[in-house]
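Below is one structure, written out as structure tokens; comments come after it.
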Amino acid sequence: MARRITIQCPECGAAIEVDVEQGTAAHAGQRAAAKDIDLSQASDWLRGEANRRDQNFERARQAERDKAARLGRKFEEGLRQAKEQPPTRPLRDLDLD
């Protein structure tokens, strides 16, 4: 005798009968009715998403601006160090003999 359990789909809410012994879906019931959507809540949510997107963009833009300044300072520091220290020839194994 096949043992069946009924579970609910987390995505659509449909009832699914699963045959435990075979590991297959034996029967899928009707989809659950769609939830009532309040358009004012949806528009508020979209407005909030737009604000979060703008804030993330502004943070990324500021980070790029700071990155350019930071790299410029590092370049100036490296250039200053290169002027202060004369270049030296690297030692080779042949020079040590």
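Since every read-out is calculated from the coordinates, none of them should be taken as a lab result. Please read these numbers as outputs of a predicted model, since none were measured by experiment.
Rounded to the nearest 10 degrees, the inclination of helix 39-84 to the longest alpha-carbon principal axis of the chain is 20 degrees. Compared with the direct C-alpha span, the chain from PHE75 to ALA14 gains 15.8 nm at full extension, assuming 0.36 nm per residue. Subtracting the Cα-Cα distance of ASP36 and THR24 from 0.36 nm times their residue separation leaves 1.1 nm of extension gain. Available extension along the chain between SER43 and GLN85 is 8.8 nm, counting 0.36 nm per residue and deducting the alpha carbon span. Would the stretch 37-97 count as rounded, prolate or oblate if I go by the C-alpha gyration tensor, calling it rounded below 1.5 in a/c and otherwise prolate when a/b exceeds b/c, oblate otherwise? Oblate, because a/c is 1.5 or more while a/b does not exceed b/c.
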